[in-house]
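Please read the structure below before turning to the comments.
The values are calculated or read from the model by the stated rules, or taken from the named source; none is laboratory data. Being a predicted model, the structure only gives us computed values, none of them experimental. Here the Cβ positions follow ideal geometry from the backbone for every residue, glycine too, while neighbour counts run over all protein chains shown.
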């Protein structure tokens with residue numbers, strides 16, 4: 001299918017410059033014009049499915065100020081209901097970070113707040129045997145670098161989720177839904193090293209224990225390139241369309 005249309009669900013405040021940055025990042029990795037990505041403000045509530053169906057692919061990324069563990073996003077239960085509907089219909093979807101966590105919560109998994117295992121920066125992930133055989137992640141090296149920025153993590157994946165990758169601090173870093181065109185990653189394949197650094201600088205005050213200058217400087221030094229994840233999003237589009 002040529003020129004697919006994307007709907008990007010966003011959980012960011014109106015004055016947050018990361019709203020537009022997120023759109024640009026997804027567009028850059030997808031290699032499409034940003035105008036092909038329509039943004040939906042989740043702070044005003046989730047869309048109905050008929051709006052989702054006006055696009056070929058649904059996408060959901062991170063969140064600077066909201067936590068799935070706190071359920072503090074306005075109309076959060078409505079978002080979870082939409083995600084259940086999307087998965088039951090088998091609608092193509094890719095979710096990263098906050099989106100990954102929302103899918104886990106919606107489908108019967110468990111998300112917890114775990115600040116002691118916060119991952120922000122660039123981390124090495126390891127594919128599971130299922131990940132090595134996965135049609136999307138299987139082309140990655142068995143161990144690869146990825147961009148991270150999270151405080152919540154999954155303690156349990158939902159039924160029907162195929163576990164694809166883990167890190168030292170976070171056992172569940174990626175999954176697909178069995179028999180569905182739906183993948184989710186705790187890491188950010190839409191972000192480059194520099195884009196992730198920009199994101200951390202904007203949200204540093206939200207990371208417990210990271211806001212002082214010494215800690216923030218040390219964290220910024222941990223950011224590195226993650227070349228192997230750069231083509232995950234266009235590969236996803238090729239797979240599902």
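Counting only strands (runs of 3 or more DSSP E) wholly contained in segment 105-207, no element carries 3 or more residues that are more than 30 Å from residue 241 (Cα to Cα), more than 17 Å from the chain's Cα centre (by Cα) and modelled with pLDDT of 95 or more.
The residues of segment 1-28 that are buried (at least 18 other Cβ atoms within 10 Å of the Cβ) and touching a residue at least 24 places away in the same chain (Cβ under 8 Å), listed by number, are 6, 7, 8, 9, 10, 11, 12, 18, 22, 25, 26.
Scanning segment 29-61 for residues that are in contact (Cβ under 8 Å) with a residue 40 or more places away in the chain and outside any loop (DSSP other than H, G, I, E, B) yields 29, 30, 49, 51, 52, 57, 58, 59, 60.
Just one of (1) in contact with a strand residue (DSSP E or B) (Cβ under 7 Å, 6 or more places away or on another chain); (2) surrounded by 21 or more Cβ atoms within 10 Å (Cβ to Cβ) fails for residue 83. It is (1).
Scanning segment 69-98 for residues that are part of a helix (DSSP H, G or I) and either in contact with a helix residue (DSSP H, G or I) (Cβ under 9 Å, 6 or more places away or on another chain) or more than 18 Å from residue 57 (Cα to Cα) (or both) yields a count of 13.
Could you please find all residues in segment 151-171 being in contact (Cβ under 8 Å) with a residue 60 or more places away in the chain and touching a strand residue (DSSP E or B) at 6+ places or on another chain (Cβ under 6 Å)? First the steps, then the outcome.
Filtering segment 151-171 down to residues in contact (Cβ under 8 Å) with a residue 60 or more places away in the chain leaves 151-152.
If the condition is that a residue be in contact (Cβ under 8 Å) with a residue 60 or more places away in the chain and touching a strand residue (DSSP E or B) at 6+ places or on another chain (Cβ under 6 Å), then 152 is the only one that fits.
Of all residues in segment 42-71, which are farther than 24 Å from residue 181 by Cα, under 18 Å from the mean Cα position of the chain (by Cα) and at pLDDT 95 or above? Give the derivation first.
Keep residues of segment 42-71 that are farther than 24 Å from residue 181 by Cα, which gives 43-45, 64-67, 69-71.
From the residues that got through so far, the ones that are under 18 Å from the mean Cα position of the chain (by Cα) too are 43, 64-67, 69-71.
Once the filter is applied, which keeps residues that are farther than 24 Å from residue 181 by Cα, under 18 Å from the mean Cα position of the chain (by Cα) and at pLDDT 95 or above, segment 42-71 yields 43, 66, 67, 69, 70, 71.
Among the residues of segment 191-219, the one identified as farther than 23 Å from residue 11 by Cα, surrounded by 14 or more Cβ atoms within 10 Å (Cβ to Cβ) and touching a residue at least 60 places away in the same chain (Cβ under 8 Å) is 219. Just one of (1) in contact with a helix residue (DSSP H, G or I) (Cβ under 6 Å, 6 or more places away or on another chain); (2) more than 29 Å from residue 205 (Cβ to Cβ); (3) without any contact (Cβ under 8 Å) to a residue 60 or more places away in the chain fails for residue 178. It is (1).
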